[in-house]
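Undergrad: Just dropping this structure here.
The values are calculated or read from the model by the stated rules, or taken from the named source; none is laboratory data. Note that this is a predicted model, so its numbers are computed, not measured. Cβ placement follows ideal geometry from the backbone for every residue including glycine, while neighbour counts extend to all protein chains displayed. Surface accessibility is based on the protein's heavy atoms, side chains included, excluding ligands, DNA and RNA. Shrake-Rupley method; radii C 1.70, N 1.55, O 1.52, S 1.80 Å.
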Amino acid sequence: MSKTVSYKDLGLVNSRELFRKAVSGGYAIPAYNFNNLEQLQAIILACVATRSPVILQVSKGARSYANETMLRYMALGSVEMAREMGAELPIVLHLDHGDSFELCKSCVDSGFSSVMIDGSHLPYAENVALTRQVVEYAHQFDVSVEGELGVLAGIEDEVVAEKSTYTQPDEVEDFVEKTGVDSLAISIGTSHGAFKFKLKAGESVPPLRFDILEEIEKRIPGFPIVLHGASSVVPAYVALINQYGGKMEGAIGVSEDQLRRAAKSAVCKINIDSDGRLAVTAKIREFLANNPGEFDPRKYLGVARSELVELIKHKNEAVVGSAGKA
Ligand code: G3H
Ligand code: 13P
Ligand code: ZN
């Protein structure tokens with residue numbers, strides 16, 4: 001058991017104030033998943049360059065991959081690195097898809113400033129009870145909590161959902177009131193991973209269900225909404241991966257136009273993991289194919305990191321609209 005640490009001592013912030021400004025300002029805060037040093041450096045470099053607030057997002061799998069103590073110091077290092085570069089960025093350390101009270105508590109106790117409890121696969125009353133339990137604990141330490149209603153298709157950490165179940169607008173008011181959550185993840189047609197839609201010949205990507213989002217906004221006006229599964233699955237990266245020995249035929253994501261529209265609404269947090277993975281994999285494949293004698297990880301991880309910086313700058317500036325908001 002590692003020692004108990006408050007996120008405030010690490011220089012982190014919770015997400016409440018960021019969401020308030022994002023909802024009223026018509027933009028979203030980007031939440032980028034990371035597992036290792038290079039991904040984290042890229043996120044910070046890009047967010048400093050674009051003066052963007054940022055949510056550093058860690059899944060259960062990422063937390064055990066990186067080690068929880070190491071993670072805490074990586075987050076602390078991020079805050080200090082940004083400061084040394086002359087930027088006082090609001091940085092949130094957030095648990096992505098927490099699946100139990102114990103995991104959420106452990107994250108609160110080890111320096112996270114925000115946690116998600118994902119009870120979306122549970123019967124409604126159980127989701128409410130579990131989410132409420134996490135909120136009661138986290139709020140004692142001023143840690144913000146994200147809940148979820150509706151199920152996304154694709155892979156949610158270790159939970160695999162075959163089909164999406166859209167969020168039912170009739171449930172959101174009751175859920176928010178009974179649980180006390182600070183933000184709500186919804187299902188309106190996005191999905192996790194790099195294969196978001198299975199299209200038959202001649203079919204195009206179905207638009208997101210903005211009609212459901214509007215119904216939700218009517219029920220809980222101004223309440224912070226979260227969009228998971230929001231990678232665009234950048235076609236240029238998929239093409240590079242396939243060109244250099246990969247096999248990702250049929251990979252497809254959500255268009256930037258749809259995400260821009262969502263970011264202007266009550267959607268104030270947009271989750272991006274797969275696009276970062278694709279950028280890194282594409283650049284490493286390309287580099288190693290073109291430099292077969294190279295075996296210094298700094299060389300191939302370095303090109304991957306540089307690409308990730310460019311990708312994140314683009315997302316902040318042209319998709320979520322968070323550039324210049326820090
Ligand atoms: O939504 C899930 C995230 O992309 C995290 O994925 O569990 O493989 O780290 P992971
Ligand atoms: P993507 O797989 O679309 O990047 O979604 C990531 C996500 O929702 C993390 O919670
Ligand atoms: Zn997710």
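Undergrad: Out of all the residues in region 119-155, which are at positive phi and at pLDDT 95 or above?
TA: Answer for region 119-155, where residues must be at positive phi and at pLDDT 95 or above: ASP142, GLY150.
Undergrad: Further, regarding this structure: Can you give me the number of residues within region 55-95 that are within 16 Å of ligand 2 (Cβ to nearest atom), open to solvent by less than 10 Å² (accessible area, probe 1.4 Å) and farther than 15 Å from LEU10 by Cα?
TA: 4
Undergrad: If you don't mind, another one. Mind checking whether some residue in region 286-303 is within 16 Å of ligand 1 (Cβ to nearest atom) and not in a loop (DSSP other than H, G, I, E, B)?
TA: No.
Undergrad: Filter region 236-285 down to residues that are of a type in the set (Gly, Ala, Ser) and closer than 17 Å to GLU310 by Cβ, then give me how many there are.
TA: 6
Undergrad: Can you name the residue in region 269-285 that is part of a helix (DSSP H, G or I) and more than 15 Å from ARG298 (Cα to Cα) and, of all such residues, is nearest to ligand 1 (Cβ to nearest atom)?
TA: Filtering first and then ranking leaves SER274.
Undergrad: Within region 104-146, can you find the residues that are over 20 Å from the mean Cα position of the chain (by Cα), of a type in the set (Asp, Glu) and either within 16 Å of ligand 1 (Cβ to nearest atom) or within 29 Å of TYR73 (Cα to Cα) (or both)?
TA: Answer for region 104-146, where residues must be over 20 Å from the mean Cα position of the chain (by Cα), of a type in the set (Asp, Glu) and either within 16 Å of ligand 1 (Cβ to nearest atom) or within 29 Å of TYR73 (Cα to Cα) (or both): ASP109, GLU136, ASP142.
Undergrad: If you go through region 208-231 one residue at a time, do you hit one that is within 16 Å of ligand 3 (Cβ to nearest atom) and surrounded by fewer than 21 Cβ atoms within 10 Å (Cβ to Cβ)?
TA: Scanning region 208-231 turns up at least one residue that is within 16 Å of ligand 3 (Cβ to nearest atom) and surrounded by fewer than 21 Cβ atoms within 10 Å (Cβ to Cβ).
Undergrad: Name the residue, out of SER59, SER15, that is more than 15 Å from ligand 1 (Cβ to nearest atom) and modelled with pLDDT of 95 or more.
TA: On inspection, the qualifying residue turns out to be SER15.
Undergrad: If you don't mind, another one. Give me the pairs: first residue in region 256-270 and modelled with pLDDT of 95 or more, second residue of a type in the set (Gly, Ala, Ser) and surrounded by fewer than 24 Cβ atoms within 10 Å (Cβ to Cβ), beta-carbon distance under 6 Å, and six or more apart or on different chains, which are they?
TA: Once the first residue is modelled with pLDDT of 95 or more and sits in region 256-270, its partners that are of a type in the set (Gly, Ala, Ser) and surrounded by fewer than 24 Cβ atoms within 10 Å (Cβ to Cβ) give GLU256/SER232; ALA263/GLY321; LYS264/GLY26.
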